[in-house]
Every structure is written in C-alpha cells, then in structure tokens.
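Each remark here refers to the structure printed beneath this line.
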Amino acid sequence: MTKDRRIQKLAIANRGEVAVRIIHACRELGIRSVLLHSEADQATRAWRMADERVCIGPAASAESYLNVEACVRGARAGGADAVHPGFGFLSENAGFARAVIDAGMIWVGPPADAIEAAGDKISAKKLVADAQAPTVPGYMGEDQRIDTLVEEAARIGFPVIVKAAAGGGGRGMKVIRSRAEAPELIASAQREGQAAFGSPVVFLEKYLDRAKHIEVQVFGDFTGQVSYLMERECSVQRRHQKIIEEALSPSLTPELRRAMGEAAVRLAEKANYESAGTVEFLLQDEKFYFLEMNTRLQVEHPVTEMVLGVDLVKAQILNAARAFQVWPQESLVARGHAIECRIYAEDAYAGGLPSTGRLLGTHWPEGPGRRFEVGVEAGDEVTPFYDPMIAKVIVWDESRLRAIRKMQSVLTESVVMGVETNIPFLKEMLAHPEFTEGRMTTQFVGQHFPEGLASADHQARRHNELTRAFASFAKTKISRGATTGSPMGSEDPTRAVWSSPWRLM
Ligand code: ADP
C-alpha cells in the first residue's frame, strides 16, 4: 500500500441501512465516516452513528443523493479522502466516479470505464458475447420506431419483455403477451424510460416465463485478479423487485455453479472490472442466460457474506486503498445456508401501499445466526421521499430448511411499531411449499399471491400475529420496570400497537 492511497476519512453518499452498514465497516477499519445526507435525513440512525455529517441538499433525491455536484462538494467540505456510494442513487453513475476522482478523492467502486462497459444493459450484452456467455434472444438495435420494435417482437415470439436501456430497479419494463398490445406497451416503456432515467431507448428480450433469478457475486482486486463468490437466488420478486434472497441457490448442480461462476469472471475480466460486482442470470430448463451486470454492492450481499465468511464492504474499501488481494478461488467454499428478507414499510394487506410515519419502537430478536441491517430506530421518521426498505433480516443455519424455520421464528418475534410492514407477507411466502421445496420461479409471487394478503382471513391472522409478537416484545423489553400494568392501554392489541403514543426507547 502506497502512502497516498491511505483512506482516513470516508464520505458515504447514501442513506438508511446501507449507510449504517458502511459506517460499521469504517469503525472496524479505524476510518472516520462522514455522512452526506439530505434535509429529510437529519436525526436518522445513520446520522447519529456517523462521525461527521454534511447536509447536501433538500429531501428530493434529485437535489441531494442524485446530485453529483452536491455530493462531491459535500465530501470535500467534510474533508473526506474517499467516497463510498452504497447502492442505488449514484452508485452506478460513471460520471460520479469520475467527478470524485477529479476532485482528488478515492472512488470506492469499479473504475468509471468498467461501470460504463459492464453496467450499461446494451453494451454489456456485447461484452457477454465476447465472454462467450449466453444471452436471452432479443433486439437491441438503434432503430427505435414503434413499427420496427413491434416487428422485432413478433420475430422473437411472444411473450416478449421490453426494457428501458437505462432502466433499473424493475422499472421501465413491460411484458408483452401479444402483437395487439405491443405498440402501446412499447410506447409506455419509452415514456417511462424518458421520465425516470432520461432516455427513451428500449430493447426487447424473449420473456422466459418459468425462470429462476440467479446472480453471481464477483470481486476483482486492483491487480486484475477476479474471483467469483458463488451465487444468490432472488426468484421471489414482486413487480420485478426482489423480496427474499438466499445463498446458495437450491437449484444449481456443482457443474452449473462453476459454469455460471466462470462466465461471470470472464465478463468481469473483459470489462477490466475491479471491486464488488454482480452478474445476473435467468435460469430455465437448466440453461442460463445473462441478464445484466450490477457494478456495485448489492442489497442482498449479506447472504454471500454469511455463507462464505467474507466482508464485502471492507474488501471494497481496502481494495480502493490498494491494500487488498482477492480471495483465491479455491479458498471460497460455502458453508450452510443464508436467507435475507427485505423489510418494507408498507401495508401488506393493502396491496403493498407505502406506509409512512414516526417509528414508535422496534424489536429485532437477537440470537445465533441472525443479522439485522437496520436503517431506522424509534423516533425516526419514515418519509415518502425514498425507497420504503427500512431493514433487512438475515439468518444463517446449517441447512436451508433450518434457515427457513429460523427466519419464520425471527419474523414472528420482530416488532415494528408506528408503520406497517410486509412481515406478515414474508411469513406467508416462506411457508409456501413451492418456496420450501426450492422450486420457486420469478412468477412465484404473481402466481400465488396475486393480490398480496387481502382476505378477511388474513386480517384475523394479523391480529393474532401482532398479539403474539407484542407479547414476546413486552416480555423482553417492558417487564424491566419502565411501565406498570398493560403498556397498551387498550383491550385490542392490534389497535393499540399501531396507535399507541407511548415510546419505549
Ligand atoms: P432491473 O435492472 O430493473 O433490475 P433486470 O433486467 O435485472 O432489471 O430484471 C429484473 C427482473 O425482471 C428479473 O429478475 C426477472 O424476474 C425479470 N426479467 C427481466 N428480463 C426477463 C426476461 N427476459 N424473461 C423473464 N423475466 C425477465
């Protein structure tokens, strides 16, 4: 490590649970953290935990977390010598990477050229062809006239999926099932691409309607060595957004695992990739097809960390400081099974409607093989400005079945008061035989829970769940003498939990 690459103070251009995750890594590495935050994120968990804070702008992301200039200015004002972008926001923005470097700081992530080559959905497909990895058949041409696109869709054969070339996070994508609906759906994808990502360019792919989402974690060090850290399965998705992820996938043979891992490494090498990256594939009928590469840390990285015994965030920071050598491939052996559930502030009984408000209290039940990545705590406001994911629950156990049981038990005992969450929905999904048997595809949620949890029966069940969860919470937290009598002040625990003004912590 040369002296000028030492990182003493790291700016975090992000918020919520990933900011907390990065602050933990900084503390453990003896690096000071500077949180770049919006006006809406004052007095949040990450804000309290960071060593220093710089307000970079108003609540609207476009003026704060998505504003390159504001982030660079904030990092410099905070005296940072490096910037970690987390995920989402500017994490895959090559212009931001360049601006950080031009301002004399270290970028904790892949080189800007690699972000451009591998992160762009269309140019990545060209690299993939070079790397001899299969892609989903489709159309990526420059001719963007609706007529041409409809003709191409018919040639590919319905169902077809149209995607915004600059899209991400499941947005700007539509499944087209017939020629009749093609013109309108293509036009609407173009409009969405323009509105959300600033580009109307779309491309088409054959829609694989019984596929699993399997993604390979790769890591490249600054000397050019790349290893793969096995895979995660993220087939449980709603509207193309992941909800439950696990490592390893219950569906891969060792041969398929190696073939996918090696294809991912070839792609990373072609892009001169460095740092953490994820190569996403769809798997159908034992054949895998490249989907896209995410040139950043992934939300679901903890499941890989749990089964492989690595710390991807520290590896990113140390690699940026030129003080890291990638784990040799043969040393990367997975043990046991890990599952992650994303906790969203939303009403599972009202079709996933976002739920906002002040958090009254939370309880995350500690125990062996459990990890909680939490972005909010009692007193924090869940605002409508950002992604509704407030926490992630990750469990590890020796087998997949045990991990599922552990997750169910952890979710039963977890309590979030003040906003609604998707916890009841997660428990339903974890209990479904298609999931427990590992047969789920990306159609799982749409097929088995087309309306979320809407029935009266579920309402009744929610009541019971809350009663149980609250009883366990009350036992661990309240019986210590802070309150006397019933802390709920009402006979109806459901109503009391969601409306009680009392504060625990
Ligand atoms: P994003 O960048 O928005 O996350 P992706 O291309 O990674 O978009 O796709 C997200 C999800 O959409 C996939 O995990 C899968 O469920 C679905 N999907 C995307 N492309 C296809 C396809 N060709 N066939 C079937 N499903 C697809």
For the structure I just gave you, tell me whether Ser235 is more than 15 Å from the ligand (Cβ to nearest atom), under 20 Å from the mean Cα position of the chain (by Cα) and surrounded by 21 or more Cβ atoms within 10 Å (Cβ to Cβ).
no
Selection from region 2-29 of residues that are out of contact with any strand residue (DSSP E or B) (no Cβ under 7 Å at 6 or more places or on another chain), modelled with pLDDT of 95 or more and surrounded by fewer than 18 Cβ atoms within 10 Å (Cβ to Cβ)
His24, Arg27, Glu28, Leu29
Options Val395, Val374; residue that is under 20 Å from the mean Cα position of the chain (by Cα) and surrounded by 23 or more Cβ atoms within 10 Å (Cβ to Cβ):
Val395
Kindly evaluate Arg191 against the criterion of being surrounded by fewer than 18 Cβ atoms within 10 Å (Cβ to Cβ) and either of a type in the set (A, V, I, L, M, F, W, C) or within 14 Å of the ligand (Cβ to nearest atom) (or both).
no
Checklist (1) touching a residue at least 60 places away in the same chain (Cβ under 8 Å); (2) within 14 Å of the ligand (Cβ to nearest atom); (3) more than 26 Å from Ala70 (Cα to Cα) applied to Gly119, failing item:
(3)
Quick check on this structure: which one of Asp209, Asp130, Asp143 is more than 12 Å from the ligand (Cβ to nearest atom) and either under 30 Å from Pro250 (Cβ atoms) or modelled with pLDDT under 95 (or both)?
Asp130
Residue check: is Val299 closer than 22 Å to Lys392 by Cβ and within 16 Å of the ligand (Cβ to nearest atom)?
yes
Considering Arg48, Arg32, Arg53, which residue is modelled with pLDDT of 95 or more and more than 17 Å from Gly16 (Cβ to Cβ)?
Arg32
By my count, helices (runs of 4 or more DSSP H) wholly in region 23-121 with at least 1 residues that are assigned by TED's automatic domain parsing to the domain that holds Ala320 are 112-119
All but one of (1) more than 10 Å from the ligand (Cβ to nearest atom); (2) in contact with a strand residue (DSSP E or B) (Cβ under 8 Å, 6 or more places away or on another chain) hold for Arg171, so report the exception by its number.
(1)
Please enumerate the residues belonging to region 264-278 that are touching an Asp or Glu at 6+ places or on another chain (Cβ under 6 Å) and within 12 Å of Thr295 (Cα to Cα).
Thr278
Pairs under 7 Å by beta carbon, first residue at positive phi in region 235-261, partner within 13 Å of the ligand (Cβ to nearest atom), six or more apart or different chains?
Arg239/Gly170; His240/Gly170; His240/Met173
Given the conditions (1) of a type in the set (A, V, I, L, M); (2) part of a loop (DSSP other than H, G, I, E, B); (3) within 15 Å of the ligand (Cβ to nearest atom), and given that Val310 satisfies all but one, which numbered condition is not satisfied?
(3)
Restricting region 68-84 to residues that are out of contact with any strand residue (DSSP E or B) (no Cβ under 6 Å at 6 or more places or on another chain) and more than 22 Å from Gln8 (Cβ to Cβ), the residue that is surrounded by the fewest Cβ atoms within 10 Å (Cβ to Cβ)
Glu69
Of the residues Pro250, Pro200, only one is more than 14 Å from the ligand (Cβ to nearest atom), in contact with a helix residue (DSSP H, G or I) (Cβ under 7 Å, 6 or more places away or on another chain) and modelled with pLDDT under 95; which?
Pro200
Does region 387-427 hold any residues that are out of contact with any Ser or Thr (no Cβ under 9 Å at 6 or more places or on another chain), closer than 12 Å to Ala345 by Cα and assigned to a strand (DSSP E or B), and which are they?
Met389, Lys392
Search region 162-175 for residues that are under 13 Å from Gly119 (Cα atoms) and touching a residue at least 12 places away in the same chain (Cβ under 8 Å) and pair each with any residue that is within 8 Å of the ligand (Cβ to nearest atom) and aliphatic (A, V, I, L, M) when their beta-carbon atoms are under 9 Å apart and the residues are at least 6 apart or on different chains.
Gly167/Met173
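The values are calculated or read from the model by the stated rules, or taken from the named source; none is laboratory data. If you're wondering where the values come from, they're calculated on a predicted model, not measured in any experiment. Using ideal geometry, Cβ is built from the backbone for each residue, glycine included, and neighbour counts are taken over all protein chains shown.
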